1. Which one, Leu132, Val115, Ser146, is farthest towards the positive end of the dipole of segment 103-148 when Lys and Arg carry +1 and Asp and Glu -1 on their Cβ?
2. Along the principal axes of its C-alpha atoms, what lengths does the chain span, in descending order and rounded to whole Å?
3. Count the DSSP beta bridges whose two residues both fall in the chain, then state the antiparallel fraction as a percent rounded to the nearest 5.
4. With an 8 Å cut-off on Cα pairs and a minimum separation of 6 or more residues, tell me the relative contact order of the chain in percent.
5. Ratio to report: Rg/Rh of segment 258-328, with Cα atoms as the point set and Rh obtained by the Kirkwood method; give two decimals.
6. With everything on Cα atoms, drop me the angle between helix 31-40 and the longest principal axis of the chain, reported from 0 to 90° to the nearest 10.
7. What dipole magnitude, in Debye to the nearest 20, does the chain give about its Cα centre under +1 on Lys/Arg Cβ and -1 on Asp/Glu Cβ?
8. Per 0.36 nm of contour for each residue apart, how much would the distance between Thr94 and Arg222 grow if the chain were fully extended, relative to their Cα-Cα spacing?
Amino acid sequence: SAPSAPSAPSAASAPAKAAAGSKAPGVLATPKVRGLAKQMGIDLNTVKGTGAHGRVLAEDLKGAGAAAAAAAAPAPAAAAPSFTPPPRVLEDQTIQITDNVGKGMVKSMQASLVVPYMALGEEIDMTEILALQKQLKEHALKKYGSKITVTSFMLKAISLALYDNPKVNSKFGSPDANPPNYTVYGSHNISVAVDTPGGLMVPNIKDVGGKNVLEIQQELMRLAAAAQQGKLALPDIQGGTITLSNIGVIGTKDPRPILFDGQAVIGATGRTMTLPRYNAKMELVPRQVMNIRWVGDHRHLDGAALARFSNSFKSYMENPGEWLLAMR
């Protein structure tokens, strides 16, 4: 009989041939390439092989190393801004003071030069009053819609000190009067210096003695806003009896003010500083310290009168609990 034809091999037994260029399972690389990758600190799993079946070649490592170095390189620093100096003005200029605020200041300051004055300075420990202000600030804001500033406490302390020393709340009379005289005012209308785009404005808070700290703060905010907008009314400016300049909020340590509007006394405060001071046990502790300087009209105020007023103010500022006994 004729021999039977050989059977064709089954598909299962035939060796599978991978398509050219397809990637085999795992990472294919020669020991030499693996060693080179280790030296270069390159993870072979992150390298795309270009050899047969996805084999990683030495050339592939070079490309991967360059890419890693570029990624690790710090970003180029931003170019430093170039400095452009302000233009120099080489011509002399004569500036005419034509605004009412400026002309008023010239007149007031020239008038103050003819008044003999005396000045004395004092150091105020602000630690306790600042702690009280911080304690009440958020409460006042939530309940009354106003934050309490230290300036309002100072204005009230001035008023309390004026009750102890009423002669300070005064103005000297006409220099031609015979006999000479001065007027002591019953109401504490405290003028406050306000820095505005149009220059220095000095409105006053009427009857500080009849207001609490919150009412003083609200009136202070109203006057400051009106001054910034150039909308102060004549009654806001007229009638002041004593002045406070809180220039320390802008910056200075120990200012010396000039008498204003015929008033007998003006005070100016410096910035508050943290300084070492001895306590009652002679221990050195940090305290919040502010300098204040008072200037007084020496025609009817002597040094003792101004010093006693300064002492009263210092006591009220450093011992705010005393206000409970002195408040009207």
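The values are calculated or read from the model by the stated rules, or taken from the named source; none is laboratory data. Worth saying up front: this structure is predicted, and the values here are computed from it rather than measured. Reconstructed Cβ throughout: ideal geometry from the backbone, glycine too, with neighbour counts over all protein chains shown. To get the accessible areas, we keep the full protein, side chains included, count just its heavy atoms, and leave off ligands, DNA and RNA. Shrake-Rupley method; radii C 1.70, N 1.55, O 1.52, S 1.80 Å.
1. Ser146
2. Sorted from largest, the Cα extents of the chain read 164, 60, 42 Å.
3. The antiparallel fraction comes to roughly 85 percent.
4. Once normalised by length, the contact order is 18 percent.
5. Numbers: Rg = 15.3 Å, Rh = 14.5 Å.
In segment 258-328, Rg relative to Rh is 1.05.
6. The helix 31-40 is inclined about 10 degrees to the chain.
7. 1540
8. 42.5 nm
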